[in-house]
Amino acid sequence: MSNWRKYKNVWCSWPSNPRGIIEYIGGSYLAVSPHICYKCLLESLVSKNFAVHAWNFIPTFDHQSQANEAWRDLRFCKSKLEQRVNSNLKSIRIGHSLGCKLHLLSPDKGRNSCSMIAISFNNFKASNSIPLLNKFASKLNFETEFSPSPQETLRYILNHYQQSKNLIINFSNDKIDQSRYLLDCLKKRDIDSSLQITLTGDHLTPVSSGLRKNLLGEWSKNINKLKNIETLTEKIFDYSEKTLGS
């Protein structure tokens, strides 16, 4: 079991001599307690000698502001760990669902990482993400779209995002995945080496089995579901090792 400590809004788990840092941002509401909601995935990466920094947040409409905050908090934790081990460390950014978008909107445009892994990318409009939003928004006179909007997000990635090494992971039974739009956008850039793989599973495959049981019922205990997260961990590890060494 990993030991977790919190700095800023980041839950950190540090092996004694880490080979690199995983900077993780989870999906809506799951990221409130990422060290619990993604416990199996994140602690598996710690066991492979990665330091894990998992940003916790409650989603708002202003995704750009949250992307900026996440970047600042993760940069602070990276500096703190480097002081502790007296060494410069390379980082891999991993996002799940909304977390992918926040990494892609990072103010450094992806330049200060070795690569980014986007799991189950989601870029829906606010009206598709929040039930009854349109019904109540007009009555209460508040903002009804995320900032940036889905279209603005893809334009930003095309024109400004500078990380060429990206692994796009989607799952065979994920009904809300939009990874194809992200991959198409990345591939339109002049220099790009993004890859895409499809694994067995669904949108909640990265989520720890205990929480999956609470959300999804008894079927989540199926041994095949546990194997899915093991496969996901191995794919992340293999890609991270390659990009750290390049």
With all protein chains present, how much of the accessible area of the chain (probe radius 1.4 Å) comes from carbon and sulfur, to the nearest whole percent? 49 percent
Of the options PHE57, ALA31, SER2, report the single residue whose Cα projects farthest towards the positive end of the charge dipole of region 1-75 (beta-carbon charges: Lys, Arg +1; Asp, Glu -1). SER2
Charge dipole magnitude, Cβ of K and R +1, D and E -1 - the chain, Cα centre, debye nearest 20: 320 debye
Only residues of region 1-17 count here: report those whose backbone N is under 18 Å from the spot 7 Å along Cα→Cβ of VAL32, or say none. 9-11
Under 1.5 on a/c is rounded, so check that first for the chain, then, if it is not, pick prolate when a/b is larger than b/c and oblate when it is not; a ≥ b ≥ c are the square roots of the alpha carbon gyration tensor eigenvalues. rounded
What do you get when you divide the Cα radius of gyration of region 1-113 by 2.2 N^0.38 Å, with N the number of residues? 0.97
The pairs in LYS165/LYS225; LYS101/LYS242; LYS90/LYS225; LYS48/LYS78; LYS39/LYS242; LYS78/LYS175 lying past 26 Å Cα-Cα in this model are LYS165/LYS225; LYS90/LYS225; LYS78/LYS175
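Run the numbers for LYS187 and ASP238: contour at 0.36 nm per residue of separation, minus the present Cα-Cα distance, in nm.
Details: separation 51, 0.36 × 51 = 18.36 nm, distance 2.20 nm.
16.2 nm is the gain from fully extending LYS187 to ASP238.
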At a Förster distance of 30 Å, what's the computed FRET efficiency of ARG180 paired with LYS6, Cβ-Cβ distance as r, to 0.05? 0.25
Using modelled amide H (1.01 Å from N, peptide plane; none on Pro or chain starts), what sits under 5 Å from the amide H of LEU167, excluding residues fewer than 5 places away? MET116, ILE117, ALA118, LEU195
Bridge type composition, the chain - antiparallel percent by DSSP, nearest 5: 20 percent
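From the square roots a ≥ b ≥ c of the eigenvalues of the alpha-carbon gyration tensor of region 25-80, which class results: rounded (a/c under 1.5), prolate (a/b over b/c), or oblate? Walk me through the intermediate numbers first.
Values: a/c = 3.26, a/b = 1.36, b/c = 2.41.
The shape class here is oblate.
Calculate, for the chain, the solvent-accessible area per residue in square angstrom, rolling a 1.4 angstrom probe over the heavy atoms of the protein chains.
On the way: 11810 Å² over 246 residues.
Per-residue value: 48 Å².
The values are calculated or read from the model by the stated rules, or taken from the named source; none is laboratory data. Worth saying up front: this structure is predicted, and the values here are computed from it rather than measured. Heads up, the Cβs are rebuilt from the backbone with ideal geometry, glycines too, and the neighbour counts pull from every protein chain shown. Please note that ligands, DNA and RNA were not included when accessible areas were found on the heavy atoms of the full protein model with its side chains. Shrake-Rupley method; radii C 1.70, N 1.55, O 1.52, S 1.80 Å.
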